[in-house]
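Working notes for the structure below.
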Amino acid sequence: MAFLPQGSVAYQQYIHEEKPNLASWLESLGYATAALHPFNASGWDRDEVYPYFGFDTILFYPDFTYRDLLRTYVSDESAFKQVIDLYENKDPKEPLFAFEVTMQNHGGYYNEYDNFTPDISLGFEPESASEKRYTQQYLSLVKKTDEAFEMLIDYFSGEEEKTIIVMFGDHQPTDIIAEPILEYCGTEEDDSLEYGQQRYITPFVIWANYDIEEMEIQRLSANYLSALILDVAGLPKTGYQEFLSDLSQVLPVITANVYIDSEGNYY
């Protein structure tokens, strides 16, 4: 979003024709490509945009075989089972790139549900009972994701075909959840860029069922993720992705709010 006008909605405003991207590049390298989203096809115009990105297979909620609900959204366990199903039914001679946007942990976190009972209790007391209830629900949902991710990893650990799995978060939860946790962690609020940007940090993990170089990356913005994945997979990159790899060594983070250099300085 760094180079778009504030308040832009990229899919709806700017994607009206084919655009080069990771999916189309992998397709040119012989991959089958699939996009999965266990929710409405029209959300953010995904049903119009995904074809422009070159995905061969596009699955939305009505297309899912596995769609057990947790609260009112398809569970991550079901979402990951759908990826496994896609893998098991693909051409065994053709590699697959699958991109899935999950829904299980979407806000809000204030209602009670017959099909979900939070099982994480906070060891501290936020300022209000509602903050405690919301936070316990959110963290319990994250735990469910961990369990589903373990299932996915266990499955592909037993597969011979070389497989890489990347999981990343697109944003943190609402302030009513994040702020009590920051306070509990002893983070003192101030006016610095560093403090403000803590609310925009999300984790990512890259796992493979074969030996890859282990590393811990301290900071990296999402615009660099595709180039990193291709490096891990040992696949060729486009000229633009080569440029991104070089730039990430100098400015590992570029966002709509700040950029951060290799020395950890904020601008």
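The values are calculated or read from the model by the stated rules, or taken from the named source; none is laboratory data. This is a predicted model, so every value here is computed, not measured. So basically every Cβ, Gly included, is an ideal-geometry build from the backbone, and we count neighbours across all protein chains shown. Surface areas here come from the heavy atoms of the whole protein model, side chains and all, with no ligands, DNA or RNA. Shrake-Rupley method; radii C 1.70, N 1.55, O 1.52, S 1.80 Å.
So residue 213 clears everything in (1) at pLDDT 95 or above; (2) outside any helix (DSSP H, G or I); (3) closer than 19 Å to residue 163 by Cβ; (4) not small (Gly, Ala, Ser) except one condition, right? Which one?
(1)
Just to be sure I understand the filter: pairs with C-beta atoms under 7 Å, separated by 6 or more residues or on different chains, first member in region 195-223 and touching a residue at least 24 places away in the same chain (Cβ under 8 Å), second member of a type in the set (Phe, Trp, Tyr) and part of a helix (DSSP H, G or I). Which pairs pass?
209/156
Can you find even one residue in region 191-204 that is open to solvent by 70 Å² or more (accessible area, probe 1.4 Å) and over 22 Å from residue 259 (Cα atoms)?
No - not one qualifying residue is present in region 191-204.
What single numbered condition from (1) assigned to a helix (DSSP H, G or I); (2) open to solvent by 50 Å² or more (accessible area, probe 1.4 Å); (3) charged (D, E, K, R) fails to hold for residue 127?
(1)
Does residue 150 meet the test of being surrounded by fewer than 16 Cβ atoms within 10 Å (Cβ to Cβ) and closer than 24 Å to residue 118 by Cβ?
Spelling it out, residue 150 is indeed surrounded by fewer than 16 Cβ atoms within 10 Å (Cβ to Cβ) and closer than 24 Å to residue 118 by Cβ.
Out of contact with any strand residue (DSSP E or B) (no Cβ under 6 Å at 6 or more places or on another chain) and assigned to a strand (DSSP E or B) - does that describe any residue in region 242-258?
Yes.
Restricting to region 198-210, name every residue that is of a type in the set (Val, Ile, Thr) and at pLDDT 95 or above.
Once the filter is applied, which keeps residues that are of a type in the set (Val, Ile, Thr) and at pLDDT 95 or above, region 198-210 yields 205, 206.
Quick one: which residue in 162, 144 is within 29 Å of residue 87 (Cα to Cα) and open to solvent by 100 Å² or more (accessible area, probe 1.4 Å)?
162
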